[in-house]
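Participant: One structure is given below, represented as structure tokens, and several questions about it will come after.
The values are calculated or read from the model by the stated rules, or taken from the named source; none is laboratory data. Here the structure is a predicted model, which is why all the values come from computation and not from measurement. Here the Cβ positions follow ideal geometry from the backbone for every residue, glycine too, while neighbour counts run over all protein chains shown.
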């Protein structure tokens with residue numbers, strides 16, 4: 001009984017930590033919390049109704065993404081977005097999502113493939129309707145679905161634990177090109193062509209990274225984050 005209680009308590013605390021982390025992440029990316037804002041454990045614990053230890057662990061996880069920073073003897077503050085770190089994260093996403101697509105060729109069921117195709121068409125439909133916030137959410141779900149289908153626990157842990165990998169930016173790329181890239185990736189998964197699926201996934205993520213890099217170089221990068 002004691003072991004069961006300990007397991008339940010640990011699981012509950014992990015869930016609370018993730019909830020606080022995601023809520024603070026959304027507040028930062030939406031602009032509700034501005035760069036330079038001091039984050040106090042006491043205030044956040046009261047706001048979210050959790051223990052200060054939960055807040056402390058959540059903020060430590062957010063530090064790994066570069067969203068917050070610790071200043072000696074002063075506390076934890078909302079950080080300016082590190083564009084270099086964002087581009088590095090997209091390089092890692094390219095490798096991880098390429099691997100996920102490769103593994104999907106072994107794991108994806110007919111239902112999985114059908115769901116992926118439906119998401120691809122929904123992404124395009126929302127883009128043409130200029131419903132970009134919804135489009136971004138479905139796009140993120142599409143990419144995360146390949147991670148889940150891969151059924152590789154290390155791959156899933158990497159994308160879940162390193163928050164920068166979940167900081168997805170909506171980039172104004174050509175809608176038809178994105179549709180073509182998404183369809184090609186799912187078609188390769190459906191055909192069981194592991195090498196082609198990985199190539200298509202990497203080409204797609206690399207295209208987004210280059211688009212972000214171009215905006216940064218031109219001084220026009222004003223990120224619209226996918227918050228869900």
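Participant: Search segment 172-196 for residues that are assigned by TED's automatic domain parsing to the domain that holds residue 135 and on the phi > 0 side of the Ramachandran plot and pair each with any residue that is assigned to a loop (DSSP other than H, G, I, E, B) and buried (at least 18 other Cβ atoms within 10 Å of the Cβ) when their beta-carbon atoms are under 9 Å apart and the residues are at least 6 apart or on different chains.
Facilitator: 192/108
Participant: A follow-up question, please. If you take just the helices (runs of 4 or more DSSP H) that sit entirely in segment 47-141, which of them hold at least 2 residues that are modelled with pLDDT under 95, crowded, with 19+ Cβ neighbours inside 10 Å and in contact with a strand residue (DSSP E or B) (Cβ under 7 Å, 6 or more places away or on another chain)?
Facilitator: 52-63
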